[in-house]
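Note sheet for the following structure.
All of the numbers you see were taken from the coordinates with simple rules; none came from a lab. Predicted model only: the values in this text are computed from it and were never measured. Glycine also receives a Cβ, built like all others from the backbone with ideal geometry; neighbour counts cover every protein chain displayed.
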Amino acid sequence: MIKGYQSQILKIYETIREQEQNALKERKNEIKGKLPNVLNIEKEISKFSIELAISSFKSIKNRDEYLKKLREKITDLRVTKSELLVSNGYAMDYLSLHYRCQKCKDTGFIGNNRCTCYKKKLVYLYYKNSELNTILEEDNFNNFSYECFSTKTSERYPKSPRKNIESIVKHCLYFIETFSSNNDNILFYGDPGSGKTFLTHCIAKELLDRGYLVIYRTAEDLIKDLRKIRLEHDYELENLLFDCDLLIIDDLGTEQINNFSKTELFNLINKKLLNKNKMLVSTNYSLDELLKTYTDRITSRLLGNFNLYHFYGEDIRIKMNLNKMKSL
Ligand SMILES: [Zn+2]
């Protein structure tokens, strides 16, 4: 997981502001050589602006009239400056400081609230620093193949694994398309190797690419995180887990299950449901096994508030490797 992301992000903003200051210096130097008059006008503007500020506090005869005249002078000079720039093929704001984000002026904050560009940077940092970065190069919808799923039906499963996965993928694509407006949580359960983790990765990649903050944790890592939050008061980590757009908990059931893990897991799931922060949970357990392993408080939330998708069929990991070998 990324550590100290807040200071890393503030550093990014600092660098952006420095770069823009330097770019402005270069533009000024260029204009100094080509259109020196423009810089003289700029100097005049700043001289009058200072005078305007000072005069507002002074007692001068006919002050209002004087201030009005000063303002008019400044406006005229600005117009002349813009005309000079534009008639020589430059943009009107060529000598102004540029902001990559107009909303927060490259500070990341609007008042006390984080700007939308802050989240983009967080997604980028998280993506770059997570193990997901390399995994998702392979595990994404472009590489998703239905070929690995059998078309055979059985008495137990009248719907073939292929038909089943087609329908699950369809729902997942809809979940992605409507992500900003839906309030869905997803539970993948069923046989190991039936495509749950792969599909989970596909969803993560698609949403991260669309700028959503998706945090991916195995259940084991998640419990370690929750312990850290509880014992070390790691607020950054707490914010990431509790406030991200989608928290993926992979392999539920493989973590060490004890009273601490059960309590903390319940608190997390419950809080996220109350705050309408989405989750995707995957487990190799059957629904029966889930009910036997976890407390009623946890399972009632998982079964009652999540869309359940049952995965079954042969181990596609073996099939996928065989396919890869065939193509070598
Ligand atoms: Zn911004």
Isolated Cys residues of the chain, judged by Cβ distance under 4.7 Å to other cysteines: Cys148, Cys172, Cys202, Cys244
The distance between the Cα centres of region 151-215 and region 248-293, in whole Å, is 18
Measuring from centroid to centroid over Cα atoms, what is the spacing of region 54-73 and region 76-110 in Å? 27
Taking square-rooted eigenvalues a ≥ b ≥ c of the alpha carbon gyration tensor, is region 5-109 rounded, prolate or oblate, where a/c under 1.5 means rounded and, failing that, a/b exceeding b/c means prolate? oblate
Just to confirm the number: angle between the C-alpha axis of helix 296-305 and the first principal axis of the chain, 0 to 90 degrees, nearest 10? 70
Using the structure shown, list the pairs from Lys228/Lys272; Lys224/Lys278; Lys224/Lys272 with a Cα-Cα distance above 23 Å, or answer none. none
Percent antiparallel among DSSP beta bridges confined to the chain, nearest 5, equals 10
Which residues' amide hydrogens lie under 5 Å from the amide hydrogen of Asn307, considering only partners 5 or more residues apart or on another chain, with H built in the peptide plane? Asn185, Ile186, Leu187
Quick one: which of 137-145, 251-259 comes out on top by average Cβ neighbours within 10 Å, and what's the full order, highest first? 251-259, 137-145
Reachable aspartates and glutamates, given that their alpha-carbon falls under 12 Å from the alpha-carbon of Lys205 and they are not under 8 places away in the same chain: Glu137, Glu138, Asp139
Amide H neighbours of Ile110 at under 5 Å, excluding residues fewer than 5 places away on the same chain, with H built from the backbone geometry, are Cys115
What is the total of Lys pairs in region 84-178 with C-alpha atoms under 27 Å apart, excluding same-chain pairs fewer than 8 positions apart? 13
Any lysines with Cα under 16 Å of the Lys61 Cα? List them, leaving off those in the same chain fewer than 8 positions away. Lys69
Between Cys101 and residues 5 or more places away or on another chain, the pairs with built amide H atoms under 5 Å apart involve Asp106
Quantify how much of the Cα-Cα distance distribution of the chain extends past 28 Å, in percent. 58
Rounded to the nearest 20 debye, dipole of the chain from Cβ charges on Lys, Arg, Asp, Glu: 1220
Under 19 Å Cα-Cα from Lys32, which aspartates and glutamates qualify once same-chain neighbours fewer than 8 residues away are excluded? Glu20, Glu42, Glu44, Glu83, Asp93
Assign one of three labels to region 179-311, namely rounded, prolate or oblate, based on the Cα gyration tensor with a ≥ b ≥ c the square roots of its eigenvalues; rounded applies when a/c is under 1.5, prolate when it is not and a/b is larger than b/c, and oblate otherwise. rounded
